[in-house]
Amino acid sequence: MASQEEEIKIATKDSQSEKGEAVMRENVSVNDFTKKGFSEIVEATKCINSYPQGASRDLYCAYPTFGRIIDEQSHRILGLISHVFKWQNIRGNIQRRQADEQFDMLLECNDAIFDRLQSNLDALAGIKKNPQTVVVESCINNITPVKTTCKGAGAWNLKTNDIRPLISARLITAKNIPRPQVKFQIPVDNKADQPFMPRLKDKPNSLKPLAILPEYDESGDVVSYLHPYEFELMKFEVPSERLKAKESPQVPKDMKETELVYVDTAEKLKNALQELSQANELAVDVEHHNYRSFLGFTCLVQISTKLKDYIFDALELRDDMHILNEVLTNPKIVKIFHGADLDIEWLQRDLSLYVVNMFDTHQAAKALNYARLSLAFLLKIYCDIEIDKTFQLADWRIRPLPDELIAYARQDTHFLIYVYERLTNDLLKAGNEQPQLLRGVYQRSTELCKKRYVKPVITQSSHLDMYRKSKQLFDNRQLYALREIFQWRDTIARQEDESYNYVLPNHMMLQIAENLPREMQGILSCCNPIPPLVKQHLFPLHQIILKAREQPLVKPIINTETTHRTVSISVKDYNSKLYCPHDLTHFEEIQDLPTLINFKSDSEQQIISEDGDRVPSVCLKKAALRFYDKPSNWEEEQLIIKRKRKEKDLILQPYYRYLAMLPIVEKEKLDEAARIEAEEKNIQLCPTTVVDNTVTEEKVIKTEEDAYSVSVKEMLKRKREESSSAKNTACFRTNVKRPKTGPQNNQFSTEKRVNGSGAGLNKPVNSDGSANDNGNDNNDGNLNILSKEGPSSSQSLAQEQQKTDKKRLKNKHKSKKSGSSPKSYQSSNKPIQIDFDYNKVDFNKFKGGAQKAKPTEFKQQFHGKNNANKAQNKKLNKLFTFSQVKGNKK
């Protein structure tokens, strides 16, 4: 199988090489070549028809050798066709297209080849001749004045009677104009990745040798080139004679009486250069064309002196015009332009011409604050001439130039020298005969001469400027189509060297991007008239629109800009009478300025009198008080104000707000705890002072020993007496308001009974332990007073006390049965504050709390439910749980 493949390949290569060599060797005519070509096509067609088709093709494809040979030959044929496409400038790769698209590309290529062949055959036969240029002039007649009235809302401040000016225009163009770019010796470079490079070969009137130096960006790429005459422009100074007034400027002669020199050859150019070098003032203007060129090109250069007018054909002398630099860069000759912003760049790009010592009448009119700045306005003021500007949009490629265009080109420079002289005088007059205003015009004109030409470059967002100006709303699909069509138009315009408006005008591009037509005919319907390049490149343009329709529709998100308003804190008191907005003494850079008063500290000022003698004067002292001195704490106040501004502008997060609140909450907790502690101290039952109980302890111990030695009957008798005395004291407490504990009432509230008998019950004890008889008398008096003031007798009070005791016992038994927890009393750790002094209390009367009762003696006392003494003892035990009677508890 491999040998068969190699044989087939070798056979095909040999046949191809033999045919090619035979064609190259034979010098045949066109008829013989066409006959031989037809025979080859017929033979190729027969070979193609002999290939198996249908079921037989499927059978042959089952063999891998046949499939490989067919694939190789198909790739070879498609490669040859792609080379033909490149030769015919048809874009696209046919090898990557589908079958339908491949057929469309073949048809497009065949049409282009047949059109070119037909035109070449017609030219060879003499049928087709080079067409002559036919000048066509179209005029727009005067439009009748329109009277407009504004009656809408919001139009109150507009004119009610607005009469529009007359409109008239004349457009001169021509048919069959040959493209001047074809004749240029140096082809036009429209590439965006290569910056413009000056083509200057020599540098006349130079102060520094010619050096075209590049400028690099951060990545090391060349961005631009330096201005060749930048050093000369920096060193240029206006001659002194140019800053003086012109004496009696003379109005120039009429254009019919002035000689016109049309320069279109190199010899005429040299003669004109010699004549121009003798003049002191030159008026210069440029005519430009940019509709049928991407970058545009200069068509005419007009130069006028006081005696002659020169028109240079820049299309014919494009490569020779650089010799005019001898005149244009001469600093002794002033060059007069009007609106030289673009003229300077066009002269650099196309003719390699540079200007030194320029006077721009546009800048002069701006310095004089004229209402209008156009050349027609200046000629109307100074020359009383109304020039015709209807040919401003004429096609300056027309050759030979019509007389109307020549006259229009002459009038732009013929009167410009006279206008320059009048403007010079007006500038000196406006500056009070001082040259500052005139020198400023020369300086601004010199800055214009430093401009460098830069190629137009588009970016990914260049189409958005046009989109914003259109004031339309597009979705993402339409914006995608607009961006891709914009880039396609830029690519085609650079390749074909045509302007954007010629390839596809802006309004047509916006219409296509807005409608997104599905068919090719829809694209053509959006254009009226149809641009030629759109019709020629309709297929790639249609593919862009189809790709834009496939984009997912996304809702646009409008970014709203939030403006943060900050309130500035002003320390100034505007209502004060001392405030003045013109006072600048509070600024640091103005405080130490020199004044007319000279303050001397060491030597005194001396004044010369009328006789010539020096009289010593009094030394002036600085004021001790000044209104505008800064206070001593001025810097601190400024820092406080800045901190307050920052605090106002600062927005804390929730976590930082929580941290800021922690010390405040902690402080509140401490304050609350201190307040509660103070309240508890006020509510305490016992005083905080330590009471000395050493005297009473000895007596209590003695009474305890006596109590154990006494019989049971004697003990019961004492108990009855104690209960009766306790009831009397209870009645006394309920009927008499308890006095507040204080230093005056301590004697009454701190009495303590020592003796166990009833006789010694009312005897108070002194600090030394002896009974006080006077206290007994006082107590008897108090009891008498109570008996008189009380509502009933002592017996009725005793009965009521027994009833209350029974009720308390019942409530206590109920609480025990219900299982309620006993009441929590105040612990012994904290001092208990009550209204009497325990040092004067007789503890012998309360024996049931802490001591252990003997079973033989006190057995009857603790048995029985209805024992009144038991309840009474429990009540006393609750009150005096801290009695110091010794006893052991099981």
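The values are calculated or read from the model by the stated rules, or taken from the named source; none is laboratory data. This one's a predicted model, so the numbers in the text were calculated from it and none came from an experiment. Here the Cβ is made from the backbone with ideal geometry for all residues, glycine too, and neighbour counts use every protein chain on show. In case anyone asks, the SASA skips ligands and DNA or RNA and just uses the protein heavy atoms, side chains included. Shrake-Rupley method; radii C 1.70, N 1.55, O 1.52, S 1.80 Å.
Quick notes on this structure:
- Within the set Ile177, Ile94, Ile172, Ile113, the sole residue that is modelled with pLDDT of 65 or more and in contact with a Lys or Arg (Cβ under 6 Å, 6 or more places away or on another chain) turns out to be Ile177.
- If you go through region 259-278 and keep only what is touching a residue at least 24 places away in the same chain (Cβ under 8 Å), of a type in the set (D, E, K, R) and surrounded by fewer than 14 Cβ atoms within 10 Å (Cβ to Cβ), you end up with Glu259, Lys270.
- Any hit, region 313-321, residues being in contact with a strand residue (DSSP E or B) (Cβ under 6 Å, 6 or more places away or on another chain) and open to solvent by less than 10 Å² (accessible area, probe 1.4 Å): yes
- Scan of region 90-103 for residues that are under 47 Å from the mean Cα position of the chain (by Cα) and either in a loop (DSSP other than H, G, I, E, B) or surrounded by 13 or more Cβ atoms within 10 Å (Cβ to Cβ) (or both), ordered by number: Ile90, Arg91, Gly92, Asn93, Arg97
- In region 356-371, the qualifying residues are those that are out of contact with any Ser or Thr (no Cβ under 7 Å at 6 or more places or on another chain) and surrounded by 23 or more Cβ atoms within 10 Å (Cβ to Cβ), and the one that is nearest to Gly440 (Cα to Cα) is Ala364.
- Near pairs, Cβ below 6 angstrom, 6+ apart or cross-chain, from region 624-651 (surrounded by 10 or more Cβ atoms within 10 Å (Cβ to Cβ) and part of a helix (DSSP H, G or I)) to any residue that is at pLDDT below 75 and not charged (D, E, K, R): Ile641/Ile569
- Only listed residue being touching a helix residue (DSSP H, G or I) at 6+ places or on another chain (Cβ under 8 Å) and among the β-branched types (Val, Ile, Thr), chosen from Thr45, Thr34, Thr65: Thr65
- Residue in region 279-287 that is outside any strand (DSSP E or B) and either loosely packed, with under 15 Cβ neighbours inside 10 Å or not acidic (Asp, Glu) (or both) present: yes
- Lys332 being in a loop (DSSP other than H, G, I, E, B) and within 17 Å of Tyr229 (Cα to Cα): yes
- Counted residues, region 216-235 - those being assigned to a loop (DSSP other than H, G, I, E, B) and of a type in the set (D, E, K, R): 3
- Some residue of region 236-250 being assigned by the TED database to the domain that holds Thr446, aromatic (Phe, Trp, Tyr) and not in a loop (DSSP other than H, G, I, E, B): no
- Single match in Val301, Val327 (criterion: free of Cβ contacts under 8 Å to residues at least 60 places away in the same chain, touching a helix residue (DSSP H, G or I) at 6+ places or on another chain (Cβ under 9 Å), closer than 27 Å to Arg439 by Cβ and not in a loop (DSSP other than H, G, I, E, B)): Val327
- Yes/no for Leu427 being of a type in the set (A, V, I, L, M) and either at pLDDT below 95 or farther than 28 Å from Ile186 by Cβ (or both): yes
- Cross-chain or 6+ apart pairs with Cβ under 7 Å, region 354-380 first and without any contact (Cβ under 8 Å) to a residue 60 or more places away in the chain, then in a helix (DSSP H, G or I) and charged (D, E, K, R): Leu373/Lys366; Leu375/Asp412
- Failed condition for Leu416, given (1) closer than 30 Å to Asn176 by Cβ; (2) surrounded by 19 or more Cβ atoms within 10 Å (Cβ to Cβ): (1)
- Residue identified as surrounded by 14 or more Cβ atoms within 10 Å (Cβ to Cβ), out of contact with any Phe, Trp or Tyr (no Cβ under 8 Å at 6 or more places or on another chain) and either over 20 Å from Leu423 (Cβ atoms) or outside the structural domain of Glu345 (by the TED database) (or both) among Pro195, Pro204: Pro204
- Sub-9 Å Cβ pairs linking a first residue in region 449-472 that is under 18 Å from Ile512 (Cα atoms) and assigned by the TED database to the domain that holds Met509 to a second residue that is acidic (Asp, Glu) and open to solvent by 50 Å² or more (accessible area, probe 1.4 Å), at least 6 apart or interchain, are Gln472/Glu514, ordered by first then second residue.
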